[in-house]
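Here's the structure we're looking at; comments come further down.
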Amino acid sequence: MRSYLVLTPPGGPEKDHRSTLFLADGFSWMALLFAWIWLIWHRLWLAGIIALVLQIGSVLLLGISGFFLAGLLLGFAIHVLIALEGRNHYANSLARRGWTLESVISATDLRTAEEIYFSGLPQPETHPLPSSSDWANKAKQPSVSGGQGPALGLFDHGGR
């Protein structure tokens, strides 16, 4: 089972919920392999720049004699940390930008999480269309007699 964070954009979701975001919480393989690129892709600019600087530092440590293991461990630690906490940082970033955390759903996959969330939303009321006989009854106009009807000319003379 995996947890999914359900986030709605600032101003509330659209009528069809196309902008509602389901964010899987947990480990990200893409963040493990491409740490700073993953952060920048998700518009986490400051964290992406810090991760890039730390990775450059770890590469520089690899070249200094006696610090090879330290450089290797630093680079690995950066990737693992971003893979484990990147999605949480992304969700917090969205919350700071006005997104609302609507729900946290445990489900086996994204499709199941969407079904669980949308089945709990209130359904719009549907009114059945009137039958054709009801339309015919409503369409009948009362008969007009005497001076109560509309005038045939340009001016109405009070029924004269």
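How much net charge surrounds Asp25 when only other residues with a Cβ under 9 Å from its Cβ are counted (Lys, Arg +1; Asp, Glu -1)?
Net of charged neighbours comes to +2.
Using label points projected 7 Å from each Cα along Cα→Cβ, tell me how many nm separate Glu85 and Arg2, to one decimal.
Each label point lies 7 Å from its Cα, and together they span 2.2 nm.
Starting from the Kirkwood radius over alpha-carbon pairs of region 13-82, derive D by Stokes-Einstein at 4 °C in a medium of 1.567 mPa s and give it in µm² s⁻¹. Mind dumping the intermediate values first?
Numbers: Rh = 13.7 Å.
Here the translational diffusion coefficient equals 95 µm²/s.
Compute the signed sum of charges (Lys and Arg +1, Asp and Glu -1) over the other residues within less than 15 Å, Cβ to Cβ, of Trp38.
Spelling it out: positives minus negatives among the neighbours equals +1.
Between Leu33 and Arg111, how many nm apart are label points set 7 Å from Cα along the C-beta direction?
The modelled label-to-label distance comes out at 2.4 nm.
Enumerate by residue number the trypsin sites (Lys or Arg not before Pro) in region 1-63 meeting two conditions: DSSP loop (anything except H, G, I, E, B), and at most 12 other Cβ atoms within 10 Å of the site's Cβ. Spell out each step's value before the answer.
Values: sites: Arg2, Lys15, Arg18, Arg43; in loops: Lys15, Arg18, Arg43.
Qualifying residues, ordered by number: Lys15, Arg18, Arg43.
FYI, it's all coordinate maths here, none of it is from the lab. Here the structure is a predicted model, which is why all the values come from computation and not from measurement. Backbone-built Cβ (ideal geometry, glycine too); neighbour counts: all protein chains shown.
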